[in-house]
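Written out below as structure tokens is the structure these notes cover.
Taken together, the values in this text are just the output of simple stated rules run on the coordinates, not laboratory data. Computed from a predicted structure; not experimentally measured. Cβ placement follows ideal geometry from the backbone for every residue including glycine, while neighbour counts extend to all protein chains displayed.
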Amino acid sequence: MENTILEIIQSTTEGRRNFFSPDTIRMINYRDRPAVINHYLRTETAHMDMMLRLFAQQQTNDIANSIVRLTVPSRFLEPVRVTATQEQISNSLITRETQESPCAICQDTISSGGVVLRHCSHGYHRTCILQWLSSSVRCPTCRHDIRETGQASQTSSASA
């Protein structure tokens, strides 16, 4: 940005030198010279003002970016993986040997090796729910967080 601004200043200086050269000034009608020179200077001033605003804005952005880089940890915006501990998973599962309902994850019937979640009694194959809980902390059916130790609050539209 600074190189661009320097190039603009050099170009403006060269343009001014060319405009105010005796040969160029003589080409302008004597009566029109004050108005033409005035218009040139106003336009040049507007360009300089715009360039100064852009430069100031760039400086402000550079300062803000430097402050952010110095004060915010580098890993601040990286996603945080939320998982349950093995203890939380063990405490949330209850083994049920006889359960003839479909697993909500794989949709196969749970004939043996089934478990239910303690808070909601939703049933799954042990392998299915363990794989699920390795990447999520929520019941796949009702989305209850298994890390919460209390019972899920049962609300219905009938209770008010």
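Quick notes on this one:
- Put a dot 7 Å past the Cα of THR71, heading toward its Cβ, do the same for ARG33, and the two dots end up 5.7 nm apart.
- Of the Cα atoms belonging to the range 40-123, the radius of gyration and Dmax stand at 30.9, 92 Å.
- When PHE19, PHE76 are arranged by Cβ crowding within 10 Å, least crowded first, meaning fewest neighbours, the order is PHE76, PHE19.
- Residues SER66, SER92, SER136 arranged by fewest to most Cβ contacts within 10 Å: SER66, SER136, SER92
- Calculated from the alpha-carbon coordinates, the chain shows an Rg and a Dmax of 36.6, 107 Å respectively.
- Under 5 Å between amide hydrogens, built in the peptide plane, is the criterion, and for LEU93 it picks out ARG118 among residues at least 5 positions away or on other chains.
- Helix axis angle, 33-71 relative to the chain longest principal axis, alpha carbon, degrees: 30 degrees
- Divide the volume of the convex hull around the Cα atoms of the range 2-71 by the residue count and you get 58 Å³ per residue.
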